[in-house]
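> I am attaching a structure below and will ask some questions about it afterwards.
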Amino acid sequence: MLYDPTEHRIRSFVTRAGRLSTAQARAFEEHGPKFLIEYKKETLDLEQAFGRKAPVVLEIGFGMGDTTAHIAKLMPEKDFLGVEVHTPGVGSLLKQIGEQGIDNLRLVQHDVFEVLNHTIADGSLHGVHVFFPDPWHKARHNKRRLIQPAFVKLLCQKIAPGGYLHLATDWEDYAVQMLEVLSAEPELVNTAEGYAPQPAYRPLTKFENRGIKLGHGVWDLVFTRK
(Lines give C-alpha, C1' and ligand atoms only; values in the text may rest on other atoms or scores of the structure.)
Protein backbone atom coordinates (compact mmCIF):
# COMPACT_ATOMS: atom_id res chain seq x y z
CA MET A 1 0.00 0.00 0.00
CA LEU A 2 1.21 3.49 -0.83
CA TYR A 3 -0.84 4.97 2.01
CA ASP A 4 -2.35 3.88 5.30
CA PRO A 5 -6.06 3.12 4.65
CA THR A 6 -6.81 3.60 8.35
CA GLU A 7 -5.90 7.29 8.07
CA HIS A 8 -9.26 8.60 6.92
CA ARG A 9 -8.83 11.85 5.01
CA ILE A 10 -9.31 13.30 1.55
CA ARG A 11 -6.35 12.39 -0.66
CA SER A 12 -4.81 14.57 -3.33
CA PHE A 13 -3.98 11.62 -5.57
CA VAL A 14 -5.64 8.54 -7.02
CA THR A 15 -3.59 5.35 -7.14
CA ARG A 16 -3.66 3.97 -10.66
CA ALA A 17 -1.97 1.06 -12.34
CA GLY A 18 0.90 2.09 -14.57
CA ARG A 19 2.79 -0.03 -17.04
CA LEU A 20 6.51 -0.13 -16.36
CA SER A 21 8.79 -0.11 -19.35
CA THR A 22 11.55 -2.71 -19.46
CA ALA A 23 14.13 0.01 -18.75
CA GLN A 24 12.15 1.35 -15.77
CA ALA A 25 11.78 -2.15 -14.32
CA ARG A 26 15.53 -2.68 -14.72
CA ALA A 27 16.17 0.65 -12.98
CA PHE A 28 14.16 -0.54 -9.96
CA GLU A 29 16.35 -3.65 -9.77
CA GLU A 30 19.68 -1.91 -10.36
CA HIS A 31 19.23 1.41 -8.55
CA GLY A 32 16.32 0.84 -6.18
CA PRO A 33 18.42 -0.73 -3.41
CA LYS A 34 20.57 2.41 -3.07
CA PHE A 35 18.27 5.25 -4.07
CA LEU A 36 14.77 4.08 -3.08
CA ILE A 37 14.03 4.44 0.63
CA GLU A 38 11.41 2.11 2.09
CA TYR A 39 8.68 4.01 3.93
CA LYS A 40 8.60 3.27 7.65
CA LYS A 41 6.71 4.97 10.47
CA GLU A 42 9.92 6.22 12.05
CA THR A 43 12.09 9.31 11.72
CA LEU A 44 14.35 9.14 8.68
CA ASP A 45 18.02 9.87 9.36
CA LEU A 46 18.73 12.13 6.37
CA GLU A 47 22.49 12.20 6.90
CA GLN A 48 22.58 8.42 6.90
CA ALA A 49 20.28 8.21 3.85
CA PHE A 50 22.52 10.48 1.77
CA GLY A 51 25.83 9.55 3.36
CA ARG A 52 26.68 13.16 4.20
CA LYS A 53 25.46 16.32 5.92
CA ALA A 54 23.99 18.79 3.42
CA PRO A 55 20.86 20.95 2.99
CA VAL A 56 17.90 18.75 2.02
CA VAL A 57 15.15 19.83 -0.38
CA LEU A 58 11.91 17.84 -0.56
CA GLU A 59 10.40 17.41 -4.04
CA ILE A 60 6.70 16.50 -3.81
CA GLY A 61 5.01 14.69 -6.70
CA PHE A 62 7.92 14.63 -9.16
CA GLY A 63 5.98 12.97 -12.00
CA MET A 64 8.40 11.34 -14.44
CA GLY A 65 11.32 13.02 -12.67
CA ASP A 66 12.85 15.12 -15.45
CA THR A 67 12.73 18.38 -13.49
CA THR A 68 13.94 16.75 -10.28
CA ALA A 69 16.90 15.15 -12.04
CA HIS A 70 17.78 18.47 -13.70
CA ILE A 71 17.71 20.41 -10.42
CA ALA A 72 19.66 17.76 -8.50
CA LYS A 73 22.42 17.81 -11.13
CA LEU A 74 22.42 21.61 -11.09
CA MET A 75 22.87 21.74 -7.29
CA PRO A 76 25.31 18.99 -6.24
CA GLU A 77 25.87 20.79 -2.94
CA LYS A 78 22.30 20.00 -1.87
CA ASP A 79 20.48 16.71 -1.36
CA PHE A 80 17.02 16.06 -2.81
CA LEU A 81 14.36 13.75 -1.42
CA GLY A 82 11.68 13.00 -4.00
CA VAL A 83 8.27 11.66 -2.99
CA GLU A 84 5.93 10.18 -5.62
CA VAL A 85 3.23 7.48 -5.57
CA HIS A 86 3.13 6.45 -9.23
CA THR A 87 5.41 3.55 -10.07
CA PRO A 88 6.36 4.48 -13.67
CA GLY A 89 7.47 7.93 -12.46
CA VAL A 90 9.66 6.39 -9.77
CA GLY A 91 11.10 3.97 -12.32
CA SER A 92 11.74 6.81 -14.76
CA LEU A 93 13.66 8.86 -12.19
CA LEU A 94 15.66 5.82 -11.01
CA LYS A 95 16.60 5.29 -14.67
CA GLN A 96 17.77 8.90 -14.98
CA ILE A 97 19.73 8.63 -11.73
CA GLY A 98 21.60 5.67 -13.19
CA GLU A 99 22.14 7.15 -16.64
CA GLN A 100 23.27 10.58 -15.39
CA GLY A 101 25.21 9.44 -12.33
CA ILE A 102 23.15 11.53 -9.90
CA ASP A 103 24.17 10.72 -6.33
CA ASN A 104 22.35 13.44 -4.35
CA LEU A 105 18.83 12.07 -4.90
CA ARG A 106 16.80 9.63 -2.79
CA LEU A 107 13.21 8.58 -3.49
CA VAL A 108 10.26 7.49 -1.36
CA GLN A 109 7.21 5.91 -3.01
CA HIS A 110 4.45 6.79 -0.58
CA ASP A 111 1.80 9.35 0.38
CA VAL A 112 3.63 12.58 1.20
CA PHE A 113 1.29 13.41 4.11
CA GLU A 114 2.40 10.26 5.89
CA VAL A 115 6.04 10.78 4.92
CA LEU A 116 5.94 14.27 6.44
CA ASN A 117 4.01 13.25 9.54
CA HIS A 118 5.99 10.14 10.39
CA THR A 119 9.48 10.30 8.84
CA ILE A 120 10.63 13.91 8.42
CA ALA A 121 11.93 15.62 11.57
CA ASP A 122 10.70 19.12 12.36
CA GLY A 123 12.97 21.87 11.02
CA SER A 124 15.07 19.43 8.99
CA LEU A 125 14.32 20.67 5.45
CA HIS A 126 16.11 23.47 3.62
CA GLY A 127 13.30 23.77 1.09
CA VAL A 128 10.24 22.19 -0.51
CA HIS A 129 9.30 22.11 -4.20
CA VAL A 130 5.76 21.39 -5.42
CA PHE A 131 5.64 21.78 -9.19
CA PHE A 132 2.36 21.43 -11.13
CA PRO A 133 0.34 19.45 -8.58
CA ASP A 134 -2.94 17.99 -9.82
CA PRO A 135 -5.28 21.01 -10.16
CA TRP A 136 -8.45 18.97 -9.53
CA HIS A 137 -10.06 21.63 -11.71
CA LYS A 138 -13.72 20.65 -11.28
CA ALA A 139 -15.19 22.73 -8.46
CA ARG A 140 -16.53 19.68 -6.64
CA HIS A 141 -13.00 18.24 -6.59
CA ASN A 142 -11.19 21.37 -5.35
CA LYS A 143 -11.14 19.90 -1.82
CA ARG A 144 -8.66 17.30 -3.12
CA ARG A 145 -6.06 19.93 -3.97
CA LEU A 146 -2.77 19.42 -2.16
CA ILE A 147 -2.21 23.07 -1.26
CA GLN A 148 -4.53 23.66 1.68
CA PRO A 149 -3.92 25.57 4.94
CA ALA A 150 -3.33 22.45 7.07
CA PHE A 151 -0.82 21.02 4.59
CA VAL A 152 1.10 24.29 4.31
CA LYS A 153 1.23 24.50 8.11
CA LEU A 154 2.69 20.98 8.17
CA LEU A 155 5.32 21.98 5.60
CA CYS A 156 6.27 25.00 7.71
CA GLN A 157 6.78 22.67 10.67
CA LYS A 158 9.31 20.66 8.65
CA ILE A 159 11.14 23.57 6.97
CA ALA A 160 13.96 25.14 8.96
CA PRO A 161 13.78 28.90 9.66
CA GLY A 162 15.22 30.68 6.61
CA GLY A 163 14.23 27.81 4.34
CA TYR A 164 11.83 28.18 1.43
CA LEU A 165 8.71 26.82 -0.26
CA HIS A 166 8.48 26.98 -4.06
CA LEU A 167 5.21 26.17 -5.84
CA ALA A 168 4.33 26.33 -9.53
CA THR A 169 1.07 25.79 -11.41
CA ASP A 170 -0.40 26.44 -14.84
CA TRP A 171 -3.98 26.73 -13.54
CA GLU A 172 -4.79 30.35 -12.74
CA ASP A 173 -7.52 29.66 -10.19
CA TYR A 174 -5.21 27.24 -8.37
CA ALA A 175 -2.47 29.90 -8.44
CA VAL A 176 -4.91 32.33 -6.81
CA GLN A 177 -5.75 29.75 -4.13
CA MET A 178 -2.05 29.00 -3.55
CA LEU A 179 -1.27 32.67 -3.09
CA GLU A 180 -4.16 33.10 -0.66
CA VAL A 181 -3.19 30.04 1.41
CA LEU A 182 0.52 30.87 1.58
CA SER A 183 -0.11 34.56 2.32
CA ALA A 184 -2.40 33.59 5.20
CA GLU A 185 0.23 31.37 6.85
CA PRO A 186 1.92 33.49 9.57
CA GLU A 187 5.19 31.51 9.36
CA LEU A 188 5.76 32.40 5.70
CA VAL A 189 6.98 35.55 3.95
CA ASN A 190 6.52 36.18 0.22
CA THR A 191 9.76 36.86 -1.66
CA ALA A 192 7.83 38.82 -4.31
CA GLU A 193 4.88 41.16 -4.68
CA GLY A 194 2.40 38.43 -5.50
CA TYR A 195 3.77 35.83 -7.92
CA ALA A 196 7.52 35.32 -8.28
CA PRO A 197 9.66 35.33 -11.42
CA GLN A 198 10.49 31.79 -12.46
CA PRO A 199 13.67 30.83 -10.55
CA ALA A 200 16.53 29.94 -12.90
CA TYR A 201 16.88 26.45 -11.44
CA ARG A 202 13.37 25.37 -12.46
CA PRO A 203 13.49 24.25 -16.11
CA LEU A 204 10.62 24.62 -18.52
CA THR A 205 9.01 21.23 -19.14
CA LYS A 206 7.85 20.09 -22.58
CA PHE A 207 4.28 20.34 -21.33
CA GLU A 208 4.89 23.85 -20.01
CA ASN A 209 6.55 25.01 -23.24
CA ARG A 210 3.57 23.72 -25.21
CA GLY A 211 1.20 25.58 -22.89
CA ILE A 212 3.13 28.83 -23.18
CA LYS A 213 2.99 28.62 -26.99
CA LEU A 214 -0.78 28.23 -26.68
CA GLY A 215 -0.94 31.33 -24.49
CA HIS A 216 -1.35 29.55 -21.17
CA GLY A 217 0.14 31.18 -18.09
CA VAL A 218 2.47 29.69 -15.50
CA TRP A 219 2.64 31.02 -11.95
CA ASP A 220 5.53 30.52 -9.54
CA LEU A 221 5.31 31.30 -5.82
CA VAL A 222 8.39 31.45 -3.60
CA PHE A 223 7.95 32.02 0.13
CA THR A 224 10.51 31.83 2.91
CA ARG A 225 10.04 30.41 6.38
CA LYS A 226 10.44 32.92 9.24
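The values are calculated or read from the model by the stated rules, or taken from the named source; none is laboratory data. Given the structure is predicted, the values throughout are model-derived calculations rather than measurements. Reconstructed Cβ throughout: ideal geometry from the backbone, glycine too, with neighbour counts over all protein chains shown. Quick note on the areas: whole protein, heavy atoms, side chains included, nothing else; ligands and nucleic acids left out. Shrake-Rupley method; radii C 1.70, N 1.55, O 1.52, S 1.80 Å.
> Can you work out which of the residues in region 75-95 that are assigned to a loop (DSSP other than H, G, I, E, B) and touching a His at 6+ places or on another chain (Cβ under 8 Å) is nearest to residue 128 (Cα to Cα)?
The residue in question is 78.
> For residue 91, which of the numbered conditions (1) in contact with a Leu (Cβ under 9 Å, 6 or more places away or on another chain); (2) without any contact (Cβ under 8 Å) to a residue 40 or more places away in the chain fails to hold?
(2)
A quick yes/no check of all residues on (1) over 18 Å from the mean Cα position of the chain (by Cα); (2) under 30 Å from residue 30 (Cβ atoms):
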site	(1), (2)
109	no, yes
117	no, no
143	yes, no
149	no, no
157	no, no
165	no, no
176	yes, no
183	yes, no
205	no, yes
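Matching residues to (1) more than 20 Å from residue 37 (Cα to Cα); (2) among the polar types (S, T, N, Q); (3) in contact (Cβ under 8 Å) with a residue 60 or more places away in the chain:
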position	(1), (2), (3)
96	no, yes, no
102	no, no, no
105	no, no, yes
124	no, yes, yes
129	no, no, yes
160	yes, no, yes
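> Take the residues of region 180-209 that are open to solvent by less than 70 Å² (accessible area, probe 1.4 Å) and hydroxyl-bearing (Ser, Thr, Tyr): which is modelled with the lowest pLDDT?
Top of the filtered list is 205.
> May I ask you to list the residues in region 207-223 that are more than 20 Å from the chain's Cα centre (by Cα), among the β-branched types (Val, Ile, Thr) and not in a helix (DSSP H, G or I)?
Across region 207-223, there are no qualifying residues.
> Something else about it: Only one residue in 72, 49 is surrounded by fewer than 17 Cβ atoms within 10 Å (Cβ to Cβ), modelled with pLDDT of 95 or more, outside any loop (DSSP other than H, G, I, E, B) and not acidic (Asp, Glu). Which one? Show your work before the answer.
On the way: 72 fails: surrounded by fewer than 17 Cβ atoms within 10 Å (Cβ to Cβ).
Only one candidate qualifies: 49.
> Also, I was wondering about something else. Here are some residues: 140, 106. Which one is at pLDDT below 95 and not aromatic (Phe, Trp, Tyr)? It would help to see each step written out before you state the result.
Details: 106 fails: at pLDDT below 95.
Residue meeting the stated conditions: 140.
> Also: Out of everything in region 96-110 that is in a helix (DSSP H, G or I) and not small (Gly, Ala, Ser), what residue ends up being most open to solvent (accessible area, probe 1.4 Å)? Spell out the reasoning first.
Of the residues in region 96-110, the ones in a helix (DSSP H, G or I) are 96-100.
Right, trim to not small (Gly, Ala, Ser) and you get 96-97, 99-100.
Details: 96: 24, 97: 4, 99: 124, 100: 75 Å².
Step by step, filter region 96-110, then rank; the result is 99.
> Among (1) open to solvent by less than 50 Å² (accessible area, probe 1.4 Å); (2) out of contact with any strand residue (DSSP E or B) (no Cβ under 9 Å at 6 or more places or on another chain), which single condition is residue 212 missing?
Going through (1) open to solvent by less than 50 Å² (accessible area, probe 1.4 Å); (2) out of contact with any strand residue (DSSP E or B) (no Cβ under 9 Å at 6 or more places or on another chain) one by one, residue 212 breaks only (1).
> If you don't mind, there's one more thing I want to ask. Checking the conditions here, which among 151, 113 is aromatic (Phe, Trp, Tyr), more than 17 Å from residue 218 (Cα to Cα) and open to solvent by less than 10 Å² (accessible area, probe 1.4 Å)? Quick ask: steps written out before the conclusion?
Working: 113 fails: open to solvent by less than 10 Å² (accessible area, probe 1.4 Å).
Within the list 151, 113, the selection yields 151.
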